[in-house]
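Working notes, structure below.
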């Protein structure tokens, strides 16, 4: 391996995605191992020379979130102590991105704490996808590249050749991003107005803003955990005369009865990316995984060649 070639490593949470990225880049995965001892301690070891090299680590931080986040920190520290020139952490799904604000008394801004920890461990750059809130990039003092699953998901939706399409945002907070999906697909937008009163991942859909009767609706969102919001919005769309309902989500973070929620809903098919791969539940036949390995591969190559990443997402 030449001194200027990309060195790509895989954390235990993203081995499959890292392998696909390596295939796209036509390189091999760097050698390393991660062990978990009986008392829960995590141990990582880099098994080849990284001195003076620019290293890229792929590691999502979910299932289990805390273990995988700590592993990310330990890998970063190991690379820096092995004298890597730089360490770029590629976090396909940044799980603590949901903790982006202090919206009630005496709570932690968890995303900021994680950002500080990643920097303290020695990361020089972060690459992630569809952050829950764009302002999280400002929590870091190092460069952050926030990629978008939109092109991959929209290309898959186009392949379905769905007639009379309308994009639906599951809430007002995602409306701006939903309009970008609609612009990419050349269609209009409807918005579900929902209310969330607690931290129990339950939300009530109050109204659908927009005309959906006779149309094929595609609900878009950045992530889903319980599947309940998607299912509830789908039911409201069907009740208002939608001809059919699909959904497309960047991060399928399924848990509990998520598959039951999806199966019992009017959703015909739910597209998710492979940003989360070590799922605790077996997928429903309604779930289809769309790979974003090429997007991460392009981003890594652009960073390595000191080229712009923004050209990957024109107009987004």
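What number of residues within region 210-225 satisfy the criterion of being in contact (Cβ under 8 Å) with a residue 60 or more places away in the chain and more than 25 Å from the chain's Cα centre (by Cα)?
0
Against the condition under 18 Å from residue 8 (Cβ atoms), outside the structural domain of residue 256 (by TED's automatic domain parsing) and modelled with pLDDT of 95 or more, how does residue 43 come out, does it pass?
Criteria not met by residue 43.
Working carefully through the options 256, 315, 252, 241, find the one that is modelled with pLDDT of 95 or more and out of contact with any strand residue (DSSP E or B) (no Cβ under 6 Å at 6 or more places or on another chain).
It is 241.
Go through the residues of region 6-20 one by one and say whether even a single one is more than 16 Å from residue 82 (Cβ to Cβ), free of Cβ contacts under 8 Å to residues at least 12 places away in the same chain and surrounded by 10 or more Cβ atoms within 10 Å (Cβ to Cβ).
Yes, region 6-20 contains a residue that is more than 16 Å from residue 82 (Cβ to Cβ), free of Cβ contacts under 8 Å to residues at least 12 places away in the same chain and surrounded by 10 or more Cβ atoms within 10 Å (Cβ to Cβ).
Assess whether residue 94 counts as being in contact (Cβ under 8 Å) with a residue 24 or more places away in the chain, surrounded by fewer than 20 Cβ atoms within 10 Å (Cβ to Cβ) and under 23 Å from residue 9 (Cβ atoms).
no
Confirm whether residue 260 is assigned to a strand (DSSP E or B), assigned by TED's automatic domain parsing to the domain that holds residue 241 and over 16 Å from the mean Cα position of the chain (by Cα).
no
Looking at region 46-78 only, could you name the residues that are buried (at least 24 other Cβ atoms within 10 Å of the Cβ) and in contact (Cβ under 8 Å) with a residue 60 or more places away in the chain?
56, 58, 60, 62, 72, 75
Taking into account only those residues within region 226-254 that are in a loop (DSSP other than H, G, I, E, B) and over 15 Å from the mean Cα position of the chain (by Cα), which is nearest to residue 63 (Cα to Cα)? Step through it out loud before you land on a result.
Start the filter on region 226-254 by keeping residues that are in a loop (DSSP other than H, G, I, E, B), which leaves 226-227, 240-243, 253-254.
Imposing the further condition that a residue be over 15 Å from the mean Cα position of the chain (by Cα) reduces the set to 226-227, 240-243.
Numbers: 226: 14, 227: 17, 240: 36, 241: 38, 242: 35, 243: 36 Å.
Checking each candidate, the answer is 226.
The values are calculated or read from the model by the stated rules, or taken from the named source; none is laboratory data. Bear in mind the structure is a predicted one, so any value in this text is a computation, not a measurement. Glycine also receives a Cβ, built like all others from the backbone with ideal geometry; neighbour counts cover every protein chain displayed.
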